[in-house]
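Novice: Sharing a structure below in structure tokens format, with a few things to ask.
Please treat every number below as a calculation from the coordinates, not as lab data. Since the model is a prediction, treat every value here as computed from it, not as a measurement. With ideal geometry, Cβ positions are generated from the backbone for all residues, glycine too; neighbour counts draw on all protein chains shown.
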Amino acid sequence: MPRAIASYSMAVQLRLAVVPVLLGCVLLAGCGRSVSEEAVRMQHRDPTAVVVARNYSWEARSMRPQPRWNPRVNLVVVRSDEGLGILQEGAGGEYYVPLRGGQEAWDPQWWGSSQVIFGPRWIPRSGERVRRFEMPMGGLVVADVGGDGSITGLHDVLDRGYAPRPGIEGGMFAQYGEDIILLDQLGEYDYWSKGFFPTARGPTVSSVAYQTTPEPYPDYWTGRDDGGELVIRWSPGVVDLLPRGRNATWAANGSLVATQYSDDDGPRVVVVDEPESSPRVLAEEAQHPAANPRFDIVAVEDVDGGIRLLSLDGSREYRLARRGQRPQWNHDGTRLLVQEPRTGQPPRLRVLVLVWRGQGGGPTHGSN
């Protein structure tokens, strides 16, 4: 059974339960990988040595643009109020395509480097107050993306599901009611688990984190008023629970970084280093962490606005930007995309190209 790890209140003691361990597998990243091997692959960077080499931006065409980096090259998929867009490196080309029949593209996600999958609206419209979640109509659609970033075709892939997320085994997770399903390239799917909004560590490892409720507050879909938990599935049979955890992201060494919410003290960012370890606080009054895919660096959004960079061990931090929300690293960890809010207008999407003084790891060029 899953084990509950420390709750938000520091007074709550660690509760242990017997967790079955899969023989022959090292816990953190599946078979054949140890914590020390993962740590060797993660490169060190000092957040106070960062330099913004250059930056560029786009004007979003929706109040909720939901940008996502391509997993291999520096393209960004983004939703607009009319459809879907692909944004090129350096604020070069912007390719937007309207969708048929008033269809909307929500939660666009890259499926490999040349396809994007998206689903129907499930988020309340501006000003709406939803007390009971209703299943969205429609299904999942795949868009083909050309080498120049243009959208060359649209295909219905499944007549159900919404909120797709990168999955395991080369597939895509999607939501169907309170169930998580796993979709393959043939458009076939299997039930995966009860829960909401999974975050896989990568397509070739089994580590996944997902929520037991859609929101960290009283929820009318599941009938729970305690905020639920973040389920940390390190590997099959090795599971921890983080009370009121959200916004999971996986560090390069296999640690889990997440937001943990509280009614009294606001959100904070915590790190769970390995199975059965207590969460440690990385940043108070912060949320929406983004762990760098190569370096021991985590970007967080301060609740009063702005972006901080922190060492994964919590030893150093640096205020990178005075304005910004929902930081997101590109595939090689050299570019950070943030959303800059604008009153009454869609946000500006800004990319910061970063280098570290005396530490290498500079940006790659010509990767498109």
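Novice: Please work out how much length the chain gains when fully extended from E284 to N55, using 0.36 nm per residue of separation minus the C-alpha to C-alpha distance, in nm with one decimal.
Specialist: Computed gain between E284 and N55 is 79.7 nm.
Novice: If one computes P(r) from the Cα atoms of the stretch 133-230, what percent of pairs lie at distances over 15 Å?
Specialist: 65 percent
Novice: Pop out the ³J(HN,Hα) list for the stretch 143-150 in order, Karplus 6.51 cos²θ - 1.76 cosθ + 1.60 with θ = phi - 60°, rounded to Hz; leave Gly and Pro as x.
Specialist: Whole-Hz 3J(HN,Hα) from phi for the stretch 143-150: 10, 7, 10, x, x, 8, x, 6.
Novice: In µm²/s, what is D for the stretch 250-294 at 10 °C and 1.306 mPa s, where D = kT/(6 pi eta Rh) by Stokes-Einstein and Rh is the Kirkwood radius from Cα pairs?
Specialist: Using the Kirkwood radius from Cα pairs, D works out to 146 µm²/s.
Novice: Next up: What does the charge add up to near V351, with Lys and Arg as +1, Asp and Glu as -1, over the other residues with Cβ less than 10 Å from its Cβ?
Specialist: With Lys, Arg at +1 and Asp, Glu at -1, the neighbours total +2.
Novice: Taking a temperature of 25 °C and a viscosity of 0.890 mPa s, what whole-number D in µm²/s does Stokes-Einstein yield for the stretch 57-116 with Rh from Kirkwood over alpha carbon pairs?
Specialist: 211 µm²/s
Novice: What full-extension length gain, to one decimal in nm, is calculated for R322 and D226 as 0.36 nm per residue of separation minus the Cα-Cα distance?
Specialist: 31.2 nm
Novice: Take the stretch 241-368, compute every pairwise Cα distance, and split them into 5 Å bins from 0; I just need the percent in each bin.
Specialist: Bin by bin from 0 Å, the calculated values are 2, 11, 20, 23, 19, 14, 7, 3, 1, 0.
Novice: Within 10 Å, count the other beta carbons around each residue, average over each peptide in 96-108, 255-267, and list them highest first.
Specialist: 255-267, 96-108
Novice: Right, another one. Set the Förster distance to 25 Å, then compute FRET efficiency between E82 and Q345 from the Cβ-Cβ distance, nearest 0.05.
Specialist: Computed FRET efficiency for E82 and Q345: 0.95.
Novice: On a full-extension model of 0.36 nm per residue, what is the gain between H155 and D179, subtracting their alpha-carbon distance, rounded to one decimal in nm?
Specialist: Extra length from H155 to D179 when fully extended: 6.3 nm.
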